[in-house]
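What follows is a short report on a single structure.
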Amino acid sequence: MRAIVTVIGSDKVGIIASICSLLSKYNVNILDISQTLLQECFTMVMLVDCSACTISFADLALALKAQGEEMVLSVRIQREEIFDAMHRI
Amino acid sequence: MINSGEILSTIDMISQQHLDVRTITMGISLRDCAHPDAARCCDRIYDKITRYAADLVKTGEAIESEFGIPIVNKRISVTPIALVAESSETEDYAPFAAALDRAAHETGVNFIGGYSALVQKGMTVGDEKLLRSIPQALAETELVCSSVNVASTKAGINMDAVALMGRIIRQAAERTADNGGMACAKLVVFANAVEDNPFMAGAFHGPGEAECVINVGVSGPGVVHHALQSCKGESFDVVAETIKKTAFRITRVGQLVAQEAARRLNVPFGIVDLSLAPTPAIGDSVADILEEIGLSTVGSHGTTAALAMLNDAVKKGGVMASSHVGGLSGAFIPVSEDAGMIAAVKKGALTIEKLEAMTCVCSVGLDMIAVPGDTPAETLSAIIADEAAIGMINNKTTAVRIIPAPGKTVGDTVDFGGLLGMAPVMPVNGGDASLFIARGGRIPAPIHSLRN
């Protein structure tokens, strides 16, 4: 199952490292990353493959959210289909 | 891969503009639960609902978590109980409502709809027993919603039922006087009721429906409002196009959720209902959209035209995004559930008469309107008759969900809490309709009902 991870918040050292190491810990493969910095707002979008993830999707979402809260960031993971449904015919 | 801008726009819709799926509603047929013994019938109803809907809430929550889209309500609609209960040898229908309530609590849903009767042409013995039990049934249960269809384009208006419903609404309010007349917030009087409506309080699982289906109601007034903020000063052509595109996106999400829920629950997908359903939250208001189109306040002249355009554009955008569209499918204008509507009523800009005009061009009707507690039953019946006439003649669904708030008068407010919101008590016309209502009988079906 492919999903989109989004990270939004103020820029600081170690955002990518911390999110990537969490994904790696649960065996989630990163397929693509794009990142922008608009003024001080850091935005990262990752396409990931969760098919070999070692925990449930709901637990992964909670783990990412908690990791984000530690760094005062909004971190979400959502299945790719919702974006396809909304933006592709 | 979808580009980052599109991804972030979706996230913005969900986190900032209140985009959600308003409801996943499981429709369950109870026709096979009928039994001469009322207690056995109630047991069968409870058993069947709890069996079919056992995983409904859990599945809804799983979809919510995986797709990152809030699914605000999980609900159940059932066969109109009058059709199921009338085989039972009993005068007391309240136990059927209690069985529905217990099943709703057991499955964890927000509401269960279908304590209903379809009496547009006449009442059977069972229909009348159900109607007369509505005040008690709604006062003694928490999650049960009731609806009565009193008119249709094909059958005309059953004025005996209209007269009875005025009295029933009064009784329902009086029985829940401690709670602002809360029972009336769970009671809808329809013309041209639809069989696959996922929204409460008017949902029931029509007799023409399958054994069990999943219907989904989308929402998203905040998203439409936000999209229109980039169209300031543009022509109506641009406004309509923008609404269509937005409605398409919203509905695609609804369709995705509906199909996913149907697949996981192993139940056929029924319909997606394309309704802009507001909530009392700031920024989730249909009134805000109308004001963004250019009205200083909802209720001013121009409101009906703006609403007609909005309603039509939502349908045109939504219909391409879903394989089966049904239910009510139109913008809702419930007063108590829409912060912009509440503000307009408080300013004196929005009256019942203007709301009645607005119901000619949108879904559904006079919805969540509080009126003085001493409003005569005949006046309530006359309000129902007016709405039913609009529905009958225009071949559309109309409804009345009106609360004669006990002990309250114009200027007071009634707070129902949660999604039902807060209703300012609105003035009604003081003229007397008692002779009109006392006539009884049926208003014949209009000439354009003869289409064969």
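Residues in the stretch B:246-266: is at least one hydroxyl-bearing (S, T, Y), closer than 23 Å to B:L143 by Cα and either surrounded by 20 or more Cβ atoms within 10 Å (Cβ to Cβ) or free of Cβ contacts under 8 Å to residues at least 24 places away in the same chain (or both)?
no
Is it fair to say B:S29 is within 21 Å of the chain's Cα centre (by Cα) and among the polar types (S, T, N, Q)? Give the derivation first.
On the way: within 21 Å of the chain's Cα centre (by Cα): yes; among the polar types (S, T, N, Q): yes.
Here the answer is yes, as B:S29 does meet what is asked.
Check every one of the helices (runs of 4 or more DSSP H) wholly within the stretch B:348-452 and list those with 1 or more residues that are more than 20 Å from the chain's Cα centre (by Cα) and more than 24 Å from B:A331 (Cα to Cα).
Here the list reads B:377-394, B:434-438.
Just the residues that are in a helix (DSSP H, G or I), more than 24 Å from B:G294 (Cα to Cα) and in contact with a helix residue (DSSP H, G or I) (Cβ under 9 Å, 6 or more places away or on another chain), please, taken from the stretch B:250-284.
Within the stretch B:250-284, B:T251, B:R252, B:V253, B:G254, B:Q255, B:L256, B:V257, B:E260, B:A261, B:R264, B:L265 meet the criteria.
Could you grab the pairs with beta carbons closer than 9 Å, sequence gap of 6+ or different chains, first residue in the stretch A:54-75 and within 16 Å of A:F42 (Cα to Cα), second one of a type in the set (D, E, K, R) and part of a helix (DSSP H, G or I)?
Correct list of pairs: A:S74/A:K65; A:V75/A:K65; A:V75/A:E69.
Looking at the stretch B:26-51, which of the residues that are surrounded by 18 or more Cβ atoms within 10 Å (Cβ to Cβ) and of a type in the set (V, I, T) is farthest from B:L100 (Cα to Cα)?
So the residue we want is B:I28.
Would you be able to say whether some residue in the stretch A:10-20 is closer than 24 Å to B:A62 by Cα and either out of contact with any helix residue (DSSP H, G or I) (no Cβ under 6 Å at 6 or more places or on another chain) or away from every other protein chain (no Cβ under 12 Å) (or both)?
Yes, because at least one residue in the stretch A:10-20 is closer than 24 Å to B:A62 by Cα and either out of contact with any helix residue (DSSP H, G or I) (no Cβ under 6 Å at 6 or more places or on another chain) or away from every other protein chain (no Cβ under 12 Å) (or both).
How many of the residues in the stretch A:8-44 are touching a Ser or Thr at 6+ places or on another chain (Cβ under 8 Å), surrounded by 13 or more Cβ atoms within 10 Å (Cβ to Cβ) and modelled with pLDDT under 95?
Going through the stretch A:8-44, the residues touching a Ser or Thr at 6+ places or on another chain (Cβ under 8 Å) turn out to be A:8-9, A:26-27, A:34-37, A:40-44.
Then keep just the ones that are surrounded by 13 or more Cβ atoms within 10 Å (Cβ to Cβ); that gives A:8-9, A:26-27, A:34-35, A:42-44.
Cutting the leftovers down to modelled with pLDDT under 95 gives us A:8-9, A:34-35, A:42-44.
The total comes to 7.
Starting from residues that are outside any loop (DSSP other than H, G, I, E, B) and within 21 Å of the chain's Cα centre (by Cα), keep the ones in the stretch B:317-335 and report whichever is surrounded by the most Cβ atoms within 10 Å (Cβ to Cβ).
We begin by selecting, within the stretch B:317-335, every residue outside any loop (DSSP other than H, G, I, E, B); these are B:317-319, B:325.
Okay, now just the ones that are also within 21 Å of the chain's Cα centre (by Cα), so B:318-319, B:325.
Values: B:G318: 27, B:V319: 16, B:V325: 18.
So the residue we want is B:G318.
Looking at the stretch B:95-116, is at least one residue buried (at least 21 other Cβ atoms within 10 Å of the Cβ), within 14 Å of another protein chain (Cβ to nearest Cβ), in a helix (DSSP H, G or I) and not β-branched (V, I, T)?
No, there is no match, as no residue in the stretch B:95-116 is buried (at least 21 other Cβ atoms within 10 Å of the Cβ), within 14 Å of another protein chain (Cβ to nearest Cβ), in a helix (DSSP H, G or I) and not β-branched (V, I, T).
Any residue at all in the stretch B:219-230 that's in a loop (DSSP other than H, G, I, E, B), at pLDDT below 95 and in contact with a helix residue (DSSP H, G or I) (Cβ under 7 Å, 6 or more places away or on another chain)?
Looking through the stretch B:219-230, at least one residue is in a loop (DSSP other than H, G, I, E, B), at pLDDT below 95 and in contact with a helix residue (DSSP H, G or I) (Cβ under 7 Å, 6 or more places away or on another chain).
When only residues in the stretch A:31-50 that are aliphatic (A, V, I, L, M) and more than 11 Å from the chain's Cα centre (by Cα) count, which is farthest from the other protein chains (Cβ to nearest Cβ)? Don't jump to the end; show me each part of the working.
Step one: filter the stretch A:31-50 for residues aliphatic (A, V, I, L, M), giving A:31, A:33, A:37-38, A:44-48.
Filter again for more than 11 Å from the chain's Cα centre (by Cα), leaving A:31, A:37-38.
Working: A:L31: 8, A:L37: 12, A:L38: 10 Å.
Per the criteria, the residue is A:L37.
Please go through the stretch B:5-27 and pick out each residue that is in contact with a strand residue (DSSP E or B) (Cβ under 7 Å, 6 or more places away or on another chain) and at the interface with chain A (Cβ under 9 Å from one of its Cβ atoms). Working first, answer last.
Within the stretch B:5-27, the subset in contact with a strand residue (DSSP E or B) (Cβ under 7 Å, 6 or more places away or on another chain) is B:7-8, B:11, B:20-27.
Scanning the stretch B:5-27 gives B:I7, B:L8, B:I11.
So A:L62 fits all but one of (1) assigned to a helix (DSSP H, G or I); (2) within 13 Å of chain B (Cβ to nearest Cβ); (3) surrounded by 15 or more Cβ atoms within 10 Å (Cβ to Cβ); what number is the exception?
The number of the failed condition is (3).
Provide a single number: the residues in the stretch A:65-80 that are surrounded by 18 or more Cβ atoms within 10 Å (Cβ to Cβ) and either at the interface with another protein chain (Cβ under 10 Å from one of its Cβ atoms) or in a strand (DSSP E or B) (or both).
Residues meeting the conditions: 7.
Please verify whether the stretch B:272-289 includes one or more residues that are under 26 Å from B:G206 (Cβ atoms), touching a His at 6+ places or on another chain (Cβ under 8 Å) and modelled with pLDDT of 90 or more.
yes
Given the condition at pLDDT 95 or above and among the charged types (D, E, K, R), answer yes or no: does some residue in the stretch A:45-54 qualify?
Within the stretch A:45-54, one or more residues are at pLDDT 95 or above and among the charged types (D, E, K, R).
Of the residues B:E174, B:E209, B:E195, which single one is in contact with a strand residue (DSSP E or B) (Cβ under 9 Å, 6 or more places away or on another chain), surrounded by fewer than 24 Cβ atoms within 10 Å (Cβ to Cβ) and assigned to a helix (DSSP H, G or I)?
Just one listed residue meets the conditions, B:E174.
The values are calculated or read from the model by the stated rules, or taken from the named source; none is laboratory data. This structure is a prediction, so every number in the text was calculated from the model and none was measured. Neighbour counts run over all protein chains shown; Cβ positions are idealised from the backbone, glycine included.
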